[in-house]
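The next block holds one structure in the form of structure tokens; read it before the comments.
Rule-based calculations on the coordinates, nothing more; no lab input. Just so it is clear, the structure is predicted and the values come from calculations on it, not from any experiment. All Cβ positions, glycine included, derive from the backbone under ideal geometry; neighbour counts span all protein chains shown.
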Amino acid sequence: MKKIYLITFLLLATFLSKAQGVNYHYGQFRMGINAGTTFQSADIRTELGLGWGLLAEYDFMKSKYSALGFSLRGRYLRANTYGNHGKYFTDYPLSNDAINGTINDSINYTGQKLFLNNKTRAWEYSIEAQFHTHSLYQNYGVGFHLFIGAGLTNFEIYTNQLDENENMYDYSQIDYSKSELARVKDLRKLRDYSYETKVENNNMPSVVFTPTIGAGMQFRLSPYWSLMLEHKISLPQTDLFDGQTYKVEQDPSFIQDVYHYSSFGLIFYFGTKTDDEILQEETNYTPPTPPVTTPTQNNNATTTSYTQVAPKPEIIIIKQEVTPVSQGCIAIIEAQIKNIQSKNDIKFYQNNQLIAPDKYTFTSPDKFFAQINLSEGNNIFKIVAVNSQNSVVEKLINLNCSNPAITICHKNTNGTTQTLTIKQSEWPAHQAHGDTEGACPVSEPQKIKICHLGQTIIIDASNWMIHQSHGDIKGDCPEKTIEVCHQGKTIVIKESELAAHIAHGDKQGKCPDVNMITICHIPPTGNKRITMQIPESEWYLHQAHGDSKGSCPAVEPTMQICHKDPTTQQQSTIVIPTFRWQEHQAHGDTQGACPVKYIKICHKNAIKNTVETIMIPETQWPAHQAHGDYKGTCMSTVPQDIPEKQITICHTDRENGKKSTITINAKDWPAHQAHGDSKGACPRTQPNMQKITICHFDKSTGKYLTMTINATDWPAHQAHGDTKGACTTPDTPNDGNNDTGSAPPTQYRPECWEH
């Protein structure tokens, strides 16, 4: 980094040193090329992009004494701007038809979590009026300028909202509790930045009117070339430059989305004259013809008339000396210049470069003084004096800035020292880093240990740089390593550890290549599939269980079905993940919402103590039946002398599972039937009936009960979610009786998801 700073400083110093000459006769037409960085000020948070451009300029200011200049220039700019928003998009509807389901219904972020981004490609064509510091650039080689203009911008917008598998991004994994900057970093990791989707808005223009404004500065590198630094602001008249409109009714009518361009470039001047050509024009002149004296005679006397010629300028050098290098190597020149009127009659040159008038003084009547920095080596100064009669006199002065070499003892970065020979002007920089004048003292060379070609050797510290350049390292050589195949993976171990790995079944060398593929796996439980990598040879096993190749979608698609309860046969409308449909279809469920069936019942009104005929959905019948309602139309009168009908059933005790024959009212039979009772008396004996212990879930109490049932009854209990084996309790052991307890480990059951 220090080297970069030093190079930059030297380049700027070179530019400034070459900018000191005066050049009035530069060309009026110039062209340039530039490149730089771009960014946008729009609805979406910006990121840096790149751009480049071309310029063609014509200068209308010809006077060399003008402080300001005016020119017109044409610009072509090719730029890319980028946006990456760190906040959720909430101002629906989406104006981008490419991601709101209008163009493709499988790509629809409407109502979902969404972070916006954009890549805008822009082509700008504009005309600009430029005002610049004319005389400042001529005299010092450094100029500033302002410009304003207008033109047209043609642009296209793309967004990155699909991953490498053409699936929508799952933005729910972005942690919104983080700062916006942290969220932007997470978004960079999530996206592949392919910008695959073009922004499609039916009312979006592709070419817009664009005012421009900016400022810059120039450094003269030579009479024909200059370096230009510039910043330009473009104001395209659209709020869709980033692809998304925010609250259209609040957007200003003029400044909407804006893009910036910071650049550096080179400018070439056509028709520029060098200082030698200028000097040649100034010194090539025709001397005036001396006046002729003509005698005139008359009768009375003889008169002679003549014109007096002004004397030529005279230059007398009074003092010429050079300060030492340590004091800057400055030339001090004093002279006496006679027979001129003012400082305007003097031109002063250094190495054929015209020196600005503010670098020297002329005090009436004839005192000339200059104090100028010398370049290293020989410097030729020239004083040119011109009087009112165009008489020209030149005076040359040779001054030398010698920079003698000195010997120093230089400290290296690794702590060693070495004797160097440097220029005297470089000594202050070395002295500041702790170097000393004179040769380094001779001492026993320092020794260091290095690893050379796999062997540890000891060398002089002064030779380390050579060894380092060949790839040697300091210190002992590391132990040799080898590759082994460990548990299906290739790892690198120390050679001394090989025997231990071989003893555990590892093999020396790399593992055989295994082609891994990405699949979307259906787990035994849960409502979301899992993206995983498997060896290609195992694919047929996964395919047989319904897995598919490729990554799983970010959001699982769902579907509505009509589900039939396996116990009560009651139907209900539920929503399930689409990939679970085959399991439900196998149990008789159907796609879509369940049809609603109404039945007529005779309902007892507890408040009015009356009965009334009403229509209810069939799914509500068990609740009405439990309150004494019955199906059909209410009777006008209820005979009081007819006893209720009695029936005999085989009732199963829910606590201990024992069966007993009981007699109940006929109207109570549906409730007993729902709990598994059967009509008729229980059989007296059940020979050779196998018994099993299960963990039964009692829906009325919400508790689990350990029960012993006939093995033939197990399918009915299994359909209700019971499990084989005794229930476990946190405090007491299972004794096989009707203890309550906790359920066994949860397993996936479709009815758990459905209800």
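Would you please give the residues with an amide H less than 5 Å from that of THR706, counting only those at least 5 places away or on a separate chain, with H modeled from the backbone geometry?
Here the answer is HIS696, CYS727, ASP739, since their amide H atoms fall under 5 Å of that of THR706.
Quick one: which of 97-104, 645-652 comes out on top by average Cβ neighbours within 10 Å, and what's the full order, highest first?
Numbers: 97-104: 17.1, 645-652: 15.1.
The most tightly packed comes first, giving 97-104, 645-652.
Using a ≥ b ≥ c from the Cα gyration tensor of the range 311-401 (square roots of the eigenvalues), is it rounded, prolate or oblate, where a/c under 1.5 gives rounded and otherwise the larger of a/b and b/c decides, a/b for prolate?
Since a/c reaches 1.5 and a/b is larger than b/c, the shape of the range 311-401 is classed as prolate.
Go ahead and run the numbers for FRET between SER678 and LYS604, Cβ-Cβ distance against an R0 of 25 Å, rounding to 0.05.
0.30
Measuring from label point to label point, each 7 Å out along Cα→Cβ, what is the ILE422 to GLN112 span in nm?
A separation of 6.5 nm, rounded to one decimal place.
Quickly work out the ILE148-to-SER172 label distance, labels modelled 7 Å from Cα along the C-beta direction, and quote it in nm with one decimal.
5.4
For ARG188 and THR481 in one chain, what is 0.36 nm times their gap in residues minus the Cα-Cα distance, to one decimal in nm?
101.8 nm
In the structure displayed, which of LYS87/LYS189; LYS113/LYS189; LYS113/LYS185; LYS489/LYS549; LYS564/LYS691 lie more than 19 Å apart, Cα to Cα?
Values: LYS87/LYS189 16 Å; LYS113/LYS189 17 Å; LYS113/LYS185 17 Å; LYS489/LYS549 24 Å; LYS564/LYS691 30 Å.
Cα-Cα > 19 Å for LYS489/LYS549; LYS564/LYS691; rest within.
Within the range 130-167, whose backbone N sits under 18 Å from a point 7 Å along Cα→Cβ of THR102?
Those under the cut-off are 156-161.
Show me, for the range 356-364, the HN-Hα J-couplings you get by feeding each phi into the Karplus relation (A = 6.51, B = -1.76, C = 1.60, θ = phi - 60°), rounded to Hz, glycine and proline as x.
With coefficients 6.51, -1.76 and 1.60, one gets 4, x, 6, 8, 9, 10, 9, 9, 4 Hz.
Under the rule a/c < 1.5 gives rounded, and otherwise a/b versus b/c splits prolate from oblate, where does the range 548-595 land using the Cα gyration tensor?
Because a/c hits 1.5 or more and a/b exceeds b/c, the range 548-595 counts as prolate.
What pairs in LYS198/LYS232; LYS119/LYS232; LYS338/LYS395; LYS312/LYS382; LYS343/LYS382 have C-alpha atoms more than 22 Å from each other? Show your work: numbers first, answer last.
On the way: LYS198/LYS232 27 Å; LYS119/LYS232 20 Å; LYS338/LYS395 13 Å; LYS312/LYS382 17 Å; LYS343/LYS382 15 Å.
Distance filter (> 22 Å) returns LYS198/LYS232.
Sort 161-171, 227-237 for me by packing, meaning the mean count of neighbouring Cβ atoms within 10 Å per residue, highest on top.
Details: 161-171: 16.4, 227-237: 19.8.
The peptides rank, most packed first, as 227-237, 161-171.
From the Cα trace of the range 347-473, what convex hull volume per residue do you get, rounded to a whole Å³?
Taking only Cα atoms, the range 347-473 has a hull volume of 161 Å³ per residue.
7 Å from Cα along Cα→Cβ at both ASP513 and LEU181: what's the point-to-point distance in nm?
Reported label-point gap for ASP513 and LEU181 is 4.4 nm.
So if I restrict to the alpha-carbon atoms in the range 114-228, what is the Rg, and what is Dmax, the biggest pairwise distance, in Å?
Answer for the range 114-228, Rg first and Dmax second: 22.2, 63 Å.
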